[in-house]
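Note sheet for the following structure.
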Amino acid sequence: MKNIYLIQIFLTLSLLTSCSNEDNSKNSIDSRPSIPVLDNEVRIGNQIWMTKNLNVSRYRNGDIIPQVQDQAQWQNLTTGAWCYYENNTANGRIYGKLYNWYAVNDSRGLAPEGWHIPTIEEFNTLSDFLGGSNVSGGKMKATGITYWLSPNIEATNSSGFSGLPGGARATNSFLFINKYAYFWSSTFIAPNNAWMIGLDFNAGSLYVSNFFYRPNGFSVRCVKN
């Protein structure tokens with residue numbers, strides 16, 4: 001049954017594709033619970049995470065990140081850009097912006113001062129602290145709101161991560177709002193892919209993959225330096 005579920009998830013998520021060692025003392029797992037730090041921050045283990053999706057339109061140095069609405073233009077980009085889901089500003093107020101991976105990797109800095117885009121190893125550290133990928137997704141999904149499609153399986157948000165299903169922009173369409181949350185990592189796979197994680201309305205597990213092409217538009221969460 002587990003294998004069938006994994007195949008179903010892979011087939012669904014594959015629609016989105018078109019075709020550093022970290023400091024050990026900082027990322028080691030301890031027994032501390034999730035602790036709110038500020039309004040938009042939460043400590044989970046030894047890490048401090050933002051509790052909202054990134055919603056900036058400028059790089060850290062002040063340069064503008066282009067907003068790209070046209071689908072043909074978006075799918076041919078090799079530089080940073082952002083959009084709202086379905087180009088609807090109302091979605092941005094809830095889910096933040098969707099960024100392609102070129103914005104994530106831009107040397108001008110997508111994350112605000114004092115923060116950075118997590119590596120896949122940092123996401124794995126988060127997942128391990130929450131009990132591993134089989135259960136960590138449910139602990140990261142927001143509850144008590146109507147944004148996640150029912151049944152929002154195993155959602156407890158016990159971590160305080162407050163993940164929301166902002167969907168994605170694939171190379172030819174917008175997909176899966178209210179069903180899935182996708183977050184870029186800063187870790188890439190040559191020649192054209194990058195690592196990401198996903199949360200699923202229909203599962204309590206955390207999806208981790210490097211199948212996704214850099215032109216895709218995903219949400220971004222930052223972790224404190």
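The values are calculated or read from the model by the stated rules, or taken from the named source; none is laboratory data. Quick caveat, the model's predicted, so the values are computed rather than measured. Calculation scope for accessible area: heavy atoms of the full protein, side chains included, ligands and nucleic acids excluded. Shrake-Rupley method; radii C 1.70, N 1.55, O 1.52, S 1.80 Å.
Taking only protein heavy atoms and a 1.4 Å probe, the accessible area of the stretch 80-200 is 48% carbon and sulfur. The residues of the stretch 146-225 have, on average, 34 Å² of accessible surface per residue, using a 1.4 Å probe with all protein chains present. Once the 1.4 Å probe is applied to the protein heavy atoms, the stretch 36-130 comes out at 46 Å² accessible per residue.
Ranking 179, 141 by solvent-accessible area of protein heavy atoms (1.4 Å probe, all protein chains present), from largest to smallest, gives 179, 141.
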